[in-house]
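Chemist: Sharing a structure here in structure tokens format.
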Amino acid sequence: MAKFVAAFVTGSAAMISEGVHSLVDTGNGLLLLWGVRQAAKPPDDRHPFGRGKELYFWTLIVAVLIFALGGGISIYEGIKHVRRPDQQTNSTVNDAVLGFAFLFEGAAWVVAFRAFQERKGRRSFIQVVREGKDPTTFTVLFEDNRPDGQGDPSGPP
């Protein structure tokens, strides 16, 4: 919500994009939790082999949402502001909101990385990814490989 308030106050298209991305991230987290919960259900008459594959399905949906919603809104806002540029009024508000987002999302990334490290043990990073059966940790870790959540591999937290 802070990102949307900052976007309203400053008129920043980048902050609108950040706000949308944060909403998508929240929805993605809920979908991943739903997938974990569904996959843990025991077999029944409708699902005699269980629901273990639902975890992969919901992870796929999360990936699609990250690219479609996050990217689509960012492209839309970018084109809109290129066609009609607005003067940004106060970047200090944006800087403060992004600073707090950096701290909070960086902390979330550290938690995901520690969970990954626990599963990794003595195996190599690549080996764990190849042999991994639970895509939720990988999704959180790789999607948020930059604390602002933009997924840019050039900048670790």
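Chemist: Between 0 and 90 degrees, rounded to the nearest ten: what's the tilt of helix 72-83 against the longest Cα principal axis of the chain?
Modeler: Taking the Cα atoms of the chain, the angle to 72-83 is about 10 degrees.
Chemist: Which value in deg cm²/dmol, rounded to the nearest 500, describes the helix-derived mean residue ellipticity at 222 nm for the chain, given -39,500 (n - 2.57) per DSSP H run of n ≥ 4 and division by the residue count?
Modeler: -22000 deg cm²/dmol
Chemist: Once the other residues with Cβ under 11 Å from the Cβ of residue 38 are scored (Lys, Arg +1; Asp, Glu -1), what is the net sum?
Modeler: +3
Chemist: With a Förster radius of 22 Å, plug the Cβ-Cβ distance of residue 110 and residue 41 into 1/(1 + (r/R0)^6) and report the FRET value to the nearest 0.05. Don't skip to the answer; put the middle values down first.
Modeler: Values: r = 31 Å, r/R0 = 1.39.
The pair residue 110/residue 41 has a calculated efficiency of 0.10.
Chemist: Note the count of lysine pairs whose C-alpha atoms are less than 25 angstrom apart in the chain, limited to pairs 8 or more residues apart or on different chains.
Modeler: 6
Chemist: Also, quick follow-up: In degrees, nearest 10, range 0 to 90: what is the angle between the Cα axis of helix 13-39 and the longest Cα principal axis of the chain?
Modeler: 10
Chemist: Also, quick follow-up: What is the helix-to-structure angle for 54-65, meaning the angle in degrees between its Cα long axis and the longest Cα principal axis of the chain, kept from 0 to 90 and rounded to the nearest 10?
Modeler: Approximately 20 degrees, to the nearest 10.
Chemist: Work through the residues other than residue 52 whose Cβ is under 10 Å from its Cβ and net out their charges, Lys, Arg +1 and Asp, Glu -1.
Modeler: Working: positive: 41, 51, 53, 133; negative: 54.
For residues surrounding residue 52, the net value is +3.
Chemist: Same structure, new question: For Cα Rg over 2.2 N^0.38 Å, the listed values are (1) 1.22; (2) 1.01; (3) 2.28; which was obtained by calculation from the structure presented?
Modeler: The value matching this structure is (1).
All of the numbers you see were taken from the coordinates with simple rules; none came from a lab. Just so you know, these numbers come straight off a predicted model, no measurement behind them. When we count neighbours, we look across all protein chains shown, and the Cβ atoms used for this are built from the backbone with ideal geometry, even at glycine.
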